[in-house]
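Below you'll find the structure, written out as structure tokens, and then a few comments.
The values are calculated or read from the model by the stated rules, or taken from the named source; none is laboratory data. A quick note: this is a predicted structure, and the numbers were derived from the prediction, not measured. In this analysis, Cβ positions are derived from the backbone assuming ideal geometry, glycine residues included, and neighbour counts consider all displayed protein chains. The area values use the complete protein model at the heavy-atom level, side chains included, leaving out ligands, DNA and RNA. Shrake-Rupley method; radii C 1.70, N 1.55, O 1.52, S 1.80 Å.
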Amino acid sequence: MKHHLPKKNYKKGRKTAHSRSSVYYELLYEPNMGRRPARCYRYIKNKPYPKSRFCRGVPDAKIRIFDLGRKKAFVDEFPACVHMISNEREMLSSEALEAARICANKFLVKNCGKDAFHMRVRKHPYHVTRINKMLSCAGADRLQTGMRGAYGKPNGLVARVDIGDFLFSVRLREQHVEHAIEAFRRAKFKFPGRQFVVVSKKWGFSKWNKADYERMRAEGRLVPDGVNAKLVKEHGPLKKWVTFNYNEGEVAEHHKRLDNPEFTPETYHYTMSDDNKELIMVYCR
């Protein structure tokens, strides 16, 4: 008896005799199967299982790029920000993240320009999924053990997301916000479950609201630091922060007191102003 299936899908089996008149090779069929559907790995039900020295042979994640567009643009150039947020506790495969990334990036490049945005993928696929491969061939029932030793081998990578987790974020100019919303609406179709798109009140990827950011930048309390801004805290030498709010008459009175031998430097101290914005020198009589 001969098998007429493609030779590349087989590997040589053992020589068996089923009768005195016929001897043939039993071939073990190794199917070239595709991926399992994502619904098999949708729900979070086990502990995190990351790649480690105990979990070896893990395939690479499909998604390799997590920052797109003009990622080196300074913080002042892109004031608007749009997020895609998960509304379900589930697992998203690296293939789905890559498909959504490509979908959103293509729409933004086409409608805004390749240098008019900076998009980030906020979730990374670290959790390893497993599969217990089963044979589907002649004689498979004599080779398989069913549920005995059913701990599978690494099959792929997924990201574990919860309700309220950020999936994608993009910073861009105000006139392109509508394009970002549409790009994320299209990218949502690549994911299972529910997601929603929100327009942030923050300035770009920073943690300050737009009004506070503009005020603090004008005051010099925020310094651009790449894609974000750095807060200049009220620390350092005292001479850097002390301000003297005196008119000319008060300055003359100050010099007059210094000429008085009863006045010594120990007879004044520093205190905060009423609006807590500056230090003032107060004289003690």
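Overview of values
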| item | result |
| --- | --- |
| Unit Cα scatterers, Debye sum, the range 128-201: log10 I(q)/I(0) for q = 0.21, 0.27 Å⁻¹ | -0.99, -1.27 |
| Where only alpha carbons of the range 47-128 are counted, the Rg and the Dmax (Å) | 15.5, 46 |
| Apportionment of accessible area to carbon and sulfur, the range 135-175, percent (1.4 Å) | 53 |
| Theoretical FRET efficiency, 1/(1+(r/R0)^6), r = Cβ-Cβ of residue 151 and residue 67, R0 35 Å, to 0.05 | 0.45 |
| Accessible area of the range 69-167 divided out per residue, in Å², using a probe of 1.4 angstrom | 51 |
| Gain in span if fully extended, residue 160 to residue 228, counting 0.36 nm per residue against the direct Cα distance | 21.8 nm |
| Long-range amide H partners of residue 89 with built H, under 5 Å | 163 |
| The range 33-105 - percent of accessible surface contributed by carbon and sulfur, probe 1.4 Å | 53 |
| For residue 117, residues with placed amide H under 5 Å, excluding near neighbours | 70 |
| Amide H within-cut-off set for residue 155, under 5 Å, with H built and near neighbours excluded | 129, 130, 131 |
| FRET E, pair residue 77, residue 35, Förster distance 41 Å, beta-carbon r, rounded to 0.05 | 0.55 |
| Peptides 177-183, 130-136 ordered by average Cβ neighbours within 10 Å, highest first | 177-183, 130-136 |
| Net lengthening on full extension, residue 194/residue 106 (0.36 nm per residue, minus Cα-Cα) | 29.5 nm |
